[in-house]
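Here's the structure we're looking at; comments come further down.
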Amino acid sequence: TLEQFITEYPTSQDTSEAMLQLAIGQEFAGQETEAIKWYEQIVAKFPDSPAGRKAAGAQRRLESVGKVLNLRGKGLSGGEVDLAQYQGRIVLVHFWATWCEPCKADLPTLKDLLERYGKAGFAIVGVNLDSNPEEAIQFVQENRLSWSHIHEPGGLESRPASELGILTLPTMFLVG
């Protein structure tokens, strides 16, 4: 098992990944307290590893309830997109990519939500995790996605995805 591997090889390079898999499993099973414990261990033992950075972001995301969420980055269409600009509004943050079929399947629902509740203060901020920003720009234009999108290089390993421990797509959460 992964736990046995972690016990037997506590300093192995693969141990951080094994711990991350256990944490992800706990999180996806709804055991957030247990997931946070694993994420904390990864950060403590492997802080500079890719798993350590992802774990720190996942821990930050899971512990963000009731706190200000700092999320900003380069806008897909230029400039900067900063979640702080939406203070006082309810914002759906949507991590997505053009290669993610479930992400694309969600778009009609997101458009409908924005149409129905936009005047009441609801907003969407997309975080695109495509490797090629030109593909994302074309997709946004063709599909008339009217909300702002953050895009930085690196896909699932990009700064915005790592800072919030994004593990799979689509990932969405409400802020506000």
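The values are calculated or read from the model by the stated rules, or taken from the named source; none is laboratory data. Keep in mind it's a predicted model, so treat the numbers as computed, not measured. Because the Cβ atoms are built from the backbone with ideal geometry, glycine has one as well, and the counts that use them run over all protein chains shown. Ligands, DNA and RNA are excluded from the accessible area calculation, which covers all protein heavy atoms including side chains. Shrake-Rupley method; radii C 1.70, N 1.55, O 1.52, S 1.80 Å.
Determine the share of the chain's accessible area contributed by carbon and sulfur atoms, expressed in whole percent, with a 1.4 angstrom probe. Mind showing how you got there, number by number?
Details: 4970 of 9830 Å².
Summing carbon and sulfur atoms, their accessible area is 51 percent of the total for the chain.
Rounded to two decimal places and with Rh computed the Kirkwood way over Cα pairs, what is Rg over Rh for region 27-92? Walk me through the intermediate numbers first.
On the way: Rg = 14.7 Å, Rh = 13.7 Å.
The Rg/Rh ratio comes out at 1.07.
For the chain, what relative contact order do you get, as a whole percent, if you take Cα pairs closer than 8 Å and at least 6 residues apart? Spell out each step's value before the answer.
Values: 270 pairs, mean separation 44.1, N = 176.
RCO, the chain: 25 percent.
Among the lysines, which have Cα under 25 Å from the Cα of Lys74 when same-chain residues fewer than 8 positions away are ignored?
Lys54, Lys104, Lys111
If you wrap a convex hull around the alpha carbons of the chain, what volume per residue comes out, as a whole number of Å³?
Details: hull volume 21.7 nm³, N = 176.
Dividing the Cα hull volume of the chain by its residue count gives 124 Å³.
Could you work out how far apart the two model spin labels at Glu157 and Cys100 are, taking each label as a point 7 Å from the Cα in the direction of the beta carbon, and quote it in nm?
The modelled label-to-label distance comes out at 1.8 nm.
Would any residue of region 71-89 have its amide N under 18 Å from a label point 7 Å out along Cα→Cβ of Phe173? List them or say none.
Taking a point 7 Å out along Cα→Cβ of Phe173, the residues of region 71-89 whose backbone N falls under 18 Å are 71-73, 82-89.
Please give the net charge around Cys100, taking every other residue with its beta carbon less than 15 angstrom from that of Cys100, where Lys and Arg add +1 and Asp and Glu add -1. Working shown, then result.
On the way: positive: Lys104; negative: Glu101, Asp106, Asp130, Glu135.
Around Cys100, the charge tally is -3.
Among the GluC sites (Glu not before Pro) in region 1-110, which ones are in a DSSP loop with at most 15 other Cβ atoms within 10 Å of the Cβ? Mind listing them?
Values: sites: Glu3, Glu8, Glu17, Glu27, Glu32, Glu34, Glu40, Glu63, Glu80; in loops: Glu63.
Those that pass, being in a loop and sparsely packed, are Glu63.
According to the square roots a ≥ b ≥ c of the eigenvalues of the Cα gyration tensor, what is the shape class of region 1-57, taking rounded for a/c under 1.5, prolate for a/b larger than b/c otherwise, and oblate for the remainder?
Values: a/c = 2.07, a/b = 1.21, b/c = 1.71.
Oblate, since a/c reaches 1.5 and b/c is not below a/b.
Straight-line reach from Lys37: which aspartates and glutamates fall under 17 Å, measuring Cα to Cα and dropping same-chain residues less than 8 apart?
Lys37 reaches Glu3, Glu17, Glu27, Glu63.
In nm, what is the difference between 0.36 nm times the number of residues separating Tyr9 and Glu63 and their Cα-Cα distance? Write down the numbers at each step before the final one.
On the way: separation 54, 0.36 × 54 = 19.44 nm, distance 2.90 nm.
Residue separation times 0.36 nm, minus the Cα-Cα distance, leaves 16.5 nm.
Taking region 78-151, how much of its Cα-Cα pair set, in percent, is spaced more than 16 angstrom apart? Write out the running numbers ahead of the final one.
Values: 1278 of 2701 pairs.
More than 16 Å apart: 47 percent of the Cα pairs in region 78-151.
Using Cα springs under 10 Å in a Gaussian network model of the chain, which residue among Gly66, Gly88, Gly121 shows the largest mean-square fluctuation?
Gly66
Using the charge dipole of the chain (Lys, Arg: +1 at Cβ; Asp, Glu: -1 at Cβ; taken about the Cα centre), state which of Pro47, Leu113, Leu20 has its Cα farthest towards the positive end.
Leu113
First select every other residue whose beta carbon is under 9 angstrom from the beta carbon of Leu22; then total the charges, Lys and Arg +1, Asp and Glu -1. Numbers along the way, then the final one.
Numbers: positive: none; negative: Glu3, Glu34.
Net local charge, Leu22 excluded: -2.
With only Lys, Arg, Asp and Glu charged, each at its Cβ (+1 for the first two, -1 for the last two), find how big the charge dipole of region 40-98 is about the Cα centre; round to the nearest 20 debye.
Details: 9 positive and 5 negative charges, 11 e Å.
Result for region 40-98 is approximately 60 debye, rounded to the nearest 20.
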